[in-house]
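Single-structure report; data block below.
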Amino acid sequence: MTARPARRSGTVVTVLLLVVAVLVGAAVARVDTWWPVLTATTTRGDVGDEVTAGPLRVRVDGVRTGTLLVDPYSELTTGGVWVGVDMAVSGTQADAGPGSLQLRDAGGIGYTATTRTSNPLVYTARAPDVPEAGTAVFEVPAQALDGDLVLRVLSEVDDADGERPQAIAEISLGRVTGPAQDDVLEPVEVALVPGGWGG
């Protein structure tokens, strides 16, 4: 008579374990719908467009090239080409700045903003809707200018969260003309845009 309750409790435990295993399996199968894998959001535009991407607002005003880079501190030559992207940037809802600036060539190769000069538009937070303009400088091989270029402005990784993944602004620069042999690229110093975005 004492053996029957032991069998019942063993059967109950087995059934409970099976139920738990089925529930866990069902939960694992649905985890992607409950917590989807978020990818970066990308907003696209052209030169002259104000492009809003997550916490950033960006506008490209022009593109220049040179074989010699002249900034307030030095003159730098290159085995390739200096590309200067004149642009304005601000935060949208709060202070924000680009975490990375990249040029992508027609072959899909990306070039980050050079570290050979200060590049003050990168990593510096800008106030919301108070745009500051300057020049982002890239050093690329001459063949990168053989096709269209795209500027990619990535928000800081810290700006990404479960509700809003990292945002990217992609601005099509089109075909950029290469420099003559002695063309000088002089970056524009960062300054407030008179009149703001509407100015």
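The values are calculated or read from the model by the stated rules, or taken from the named source; none is laboratory data. All values derive from a computational prediction rather than experimental measurement. Glycine gets a Cβ as well: all are built from the backbone with ideal geometry, and neighbour counts include every protein chain shown.
Just wondering, is there one or more residues in segment 3-25 that are at pLDDT below 95, surrounded by 10 or more Cβ atoms within 10 Å (Cβ to Cβ), β-branched (Val, Ile, Thr) and assigned by TED's automatic domain parsing to the domain that holds LEU149?
No, there is no match, as no residue in segment 3-25 is at pLDDT below 95, surrounded by 10 or more Cβ atoms within 10 Å (Cβ to Cβ), β-branched (Val, Ile, Thr) and assigned by TED's automatic domain parsing to the domain that holds LEU149.
Would you mention how many residues in segment 93-112 are touching an Asp or Glu at 6+ places or on another chain (Cβ under 9 Å), crowded, with 20+ Cβ neighbours inside 10 Å and without any contact (Cβ under 8 Å) to a residue 60 or more places away in the chain?
Qualifying residue count for the region: 2.
Yes or no: SER74 at pLDDT below 90, hydroxyl-bearing (Ser, Thr, Tyr) and touching a Ser or Thr at 6+ places or on another chain (Cβ under 9 Å)? Write out each step before concluding.
On the way: at pLDDT below 90: yes; hydroxyl-bearing (Ser, Thr, Tyr): yes; touching a Ser or Thr at 6+ places or on another chain (Cβ under 9 Å): yes.
Answer is yes for this residue.
Among the residues of segment 26-53, count how many are modelled with pLDDT of 60 or more and among the aromatic types (Phe, Trp, Tyr). Break it down stepwise before answering.
Residues of segment 26-53 modelled with pLDDT of 60 or more: 26-30, 39-53.
Then drop every residue that is not among the aromatic types (Phe, Trp, Tyr), which leaves none.
Qualifying residue count, segment 26-53: 0.
Looking only at strands (runs of 3 or more DSSP E) that lie completely in segment 50-92, which have at least 1 residues being buried (at least 23 other Cβ atoms within 10 Å of the Cβ), without any contact (Cβ under 8 Å) to a residue 12 or more places away in the chain and touching a Lys or Arg at 6+ places or on another chain (Cβ under 6 Å)? Give the steps one after another, and end with the answer.
Details: elements: 50-53, 56-70, 75-91.
Counting at least 1 such residues, we get no strands (runs of 3 or more DSSP E) at all.
Residues to consider are LEU173, LEU154, LEU149; find the one that is under 12 Å from PRO55 (Cβ atoms), touching a residue at least 60 places away in the same chain (Cβ under 8 Å) and either β-branched (Val, Ile, Thr) or assigned to a strand (DSSP E or B) (or both).
Values: LEU173 fails: under 12 Å from PRO55 (Cβ atoms); LEU149 fails: under 12 Å from PRO55 (Cβ atoms).
Residue meeting the stated conditions: LEU154.
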